[in-house]
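Below is one structure, written out as structure tokens; the observations come after it.
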Amino acid sequence: MESEDKNVLVIGGGTGMPVLLRGLKKQPIYLSTLVTIADDGGSSGKLRSEMEIPAPGDIRNVIAALSEAEPMLLDLFQHRFPDGNGVSGHSMGNLLLAALTNMTGDFYDGIKQISRVLNVKGNIYPLSKYSMNLHAEMEDGTVVSGESNIPEARKRIKRVYLSPVPIEPLPEAIEAIRNSELIVISPGSLYTSILPNLLIPEVKEALRETKASVIYVCNMMTQEGETSGFSAADHLQAIIDHVGEGIVDSIVVHNQPIEAEARKLYAKENAEPVAYDLDRLKSMGINIIEEDIIDRSKPVIRHDPEKLSRLLYYLLEHRNV
């Protein structure tokens, strides 16, 4: 099989996924994405409730990351209208996705149409064609509903789940899981951007049956209201608790110290570097990949798309060696 034919699927949402995709789209692979649609805040949430469509925001950001369109067209697609008018707070891309869903009568068809217009490299699969709600059961027994409300509760999360059930996953997404050589669980908000994609029984079953190597790219910083005090093993354990043992084969962790200035900046948000507890990770029977994968050109802590994509491509090429 030529490397260009190797199927790579990235699962996730939020801000971490587009960073990863901007690097991966340059590699000689056949790239697909499975994207969360559980968002209920801002423009996405308004369109979801008013037009009864799945939340388009995470999809929009993935389209922008994978697009090869002219920068001006992408700027227009990502433009957010200011407050004080009828389209206050909406982004142009969200409105376009809503319009195309309305025109075609199908959310996934709308994504495919806009992907063609914006010359998107690869396939973008929403988790489902239908809207869904995310709920979190906290350690103290309370339940918080709504993706945007969960971190605001500032409580330790026991588990997250979706409604209404059963949720019908997009068949093409399930097929992509089964047919991939490499599946990457992207960095991002663990409970509100990553785990929602992994909760549907058909997704769990496909992940259990796929021949693909499944790699989790661990967050570099904790997130208040979701992963305060979490180590790398805690992140991984949360995934295992929701999808079961034996699905994730490897974890990628950043192995260099975070600079003091950046730590101070994040401390204001009650965030700190994610410690990678090697002994505990090893006891979980997982392959640990330690690399310097931070983007040092930015003041915020982000994965470096080039470093990370080169690493993942290397792992893809050597998965059977």
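The values are calculated or read from the model by the stated rules, or taken from the named source; none is laboratory data. Bear in mind the structure is a predicted one, so any value in this text is a computation, not a measurement. Note that we place each Cβ from the backbone using ideal geometry, even for glycine, and neighbour counts take in every protein chain shown. The protein model used for the area step is the full one, side chains on, heavy atoms only, and it has no ligands, DNA or RNA in it. Shrake-Rupley method; radii C 1.70, N 1.55, O 1.52, S 1.80 Å.
Here is a check on your reading of the model: is G23 over 23 Å from Y130 (Cα atoms), touching a Pro at 6+ places or on another chain (Cβ under 9 Å) and surrounded by 14 or more Cβ atoms within 10 Å (Cβ to Cβ)? Here the answer is yes, as G23 does meet what is asked.
Considering region 35-57 alone, what residues qualify as being among the aliphatic types (A, V, I, L, M) and either within 27 Å of K298 (Cα to Cα) or without any contact (Cβ under 8 Å) to a residue 12 or more places away in the chain (or both)?
Correct list: V35 only.
Regarding region 187-204, can at least one residue be identified that is assigned to a strand (DSSP E or B), of a type outside the set (K, R) and closer than 30 Å to I301 by Cβ? It would help to see each step written out before you state the result.
Kept after step one, since they are assigned to a strand (DSSP E or B), are these residues of region 187-204: none.
There is no residue in region 187-204 that is assigned to a strand (DSSP E or B), of a type outside the set (K, R) and closer than 30 Å to I301 by Cβ.
Does Y216 fit the bill of being closer than 24 Å to L312 by Cβ and assigned to a helix (DSSP H, G or I)? Even if it seems obvious, please write down each step before you answer.
Numbers: closer than 24 Å to L312 by Cβ: yes; assigned to a helix (DSSP H, G or I): no.
So Y216 does not fit the description; no.
The set of residues in region 242-265 that are part of a loop (DSSP other than H, G, I, E, B), touching a helix residue (DSSP H, G or I) at 6+ places or on another chain (Cβ under 7 Å) and under 17 Å from P187 (Cβ atoms) contains only V248. One residue alone among L182, L170, L134, L127 is crowded, with 16+ Cβ neighbours inside 10 Å, of a type in the set (A, V, I, L, M, F, W, C), in contact with a Lys or Arg (Cβ under 9 Å, 6 or more places away or on another chain) and more than 18 Å from L20 (Cα to Cα), and that residue is L170. Can you list residue pairs whose Cβ atoms sit under 6 Å apart, with the first residue in region 202-227 being within 25 Å of P171 (Cβ to Cβ) and the second being among the acidic types (D, E) and buried (at least 18 other Cβ atoms within 10 Å of the Cβ)? Count only pairs 6 or more apart in sequence or on different chains. These pairs meet every condition: A212/E181. Tell me whether region 9-20 contains one or more residues that are free of Cβ contacts under 8 Å to residues at least 60 places away in the same chain and not in a loop (DSSP other than H, G, I, E, B). The answer is yes; a qualifying residue exists.
Out of P28, P54, which single residue is open to solvent by 30 Å² or more (accessible area, probe 1.4 Å) and outside any helix (DSSP H, G or I)?
On the way: P54 fails: open to solvent by 30 Å² or more (accessible area, probe 1.4 Å).
Step by step, each of P28, P54 is checked, and only P28 is open to solvent by 30 Å² or more (accessible area, probe 1.4 Å) and outside any helix (DSSP H, G or I).
A search for C-beta distances below 8 Å between a residue of region 274-287 that is in contact (Cβ under 8 Å) with a residue 24 or more places away in the chain and assigned to a loop (DSSP other than H, G, I, E, B) and any residue that is among the β-branched types (V, I, T) and surrounded by 14 or more Cβ atoms within 10 Å (Cβ to Cβ), counting only pairs 6+ apart in sequence or on different chains, returns V274/T222; V274/T227; V274/V253; Y276/V253; Y276/I288; M284/I240; I286/V248; I286/I251. Has region 280-302 got at least one residue that is among the charged types (D, E, K, R), open to solvent by 60 Å² or more (accessible area, probe 1.4 Å), over 18 Å from H235 (Cβ atoms) and out of contact with any Asp or Glu (no Cβ under 8 Å at 6 or more places or on another chain)? The answer is yes; a qualifying residue exists.
Pairs meeting the criteria (first residue in region 294-321 and closer than 17 Å to V8 by Cβ and modelled with pLDDT under 95, second residue surrounded by 18 or more Cβ atoms within 10 Å (Cβ to Cβ) and of a type in the set (S, T, N, Q), beta carbons under 6 Å, at least 6 apart or on different chains) are R319/S213.
Each row is one residue, and each column tells you yes or no for (1) of a type outside the set (D, E); (2) in contact with a Gly (Cβ under 7 Å, 6 or more places away or on another chain); (3) assigned to a loop (DSSP other than H, G, I, E, B); (4) surrounded by 14 or more Cβ atoms within 10 Å (Cβ to Cβ).
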position: L74; (1), (2), (3), (4): yes, no, no, yes
position: P82; (1), (2), (3), (4): yes, no, yes, no
position: N85; (1), (2), (3), (4): yes, no, yes, no
position: L97; (1), (2), (3), (4): yes, yes, no, yes
position: T101; (1), (2), (3), (4): yes, yes, no, yes
position: K112; (1), (2), (3), (4): yes, no, no, yes
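Within region 144-165, is there a residue that is free of Cβ contacts under 8 Å to residues at least 12 places away in the same chain, surrounded by fewer than 15 Cβ atoms within 10 Å (Cβ to Cβ) and not in a helix (DSSP H, G or I)? For region 144-165, residues free of Cβ contacts under 8 Å to residues at least 12 places away in the same chain, surrounded by fewer than 15 Cβ atoms within 10 Å (Cβ to Cβ) and not in a helix (DSSP H, G or I): present.
Would you please name the residue that is nearest to the chain's Cα centre (by Cα), looking only at residues in region 226-251 that are surrounded by fewer than 22 Cβ atoms within 10 Å (Cβ to Cβ) and among the small types (G, A, S)? Result: A238. Scan region 166-186 for residues that are in a loop (DSSP other than H, G, I, E, B) and closer than 14 Å to G14 by Cβ and jot them down. Passing the criteria: only S186.
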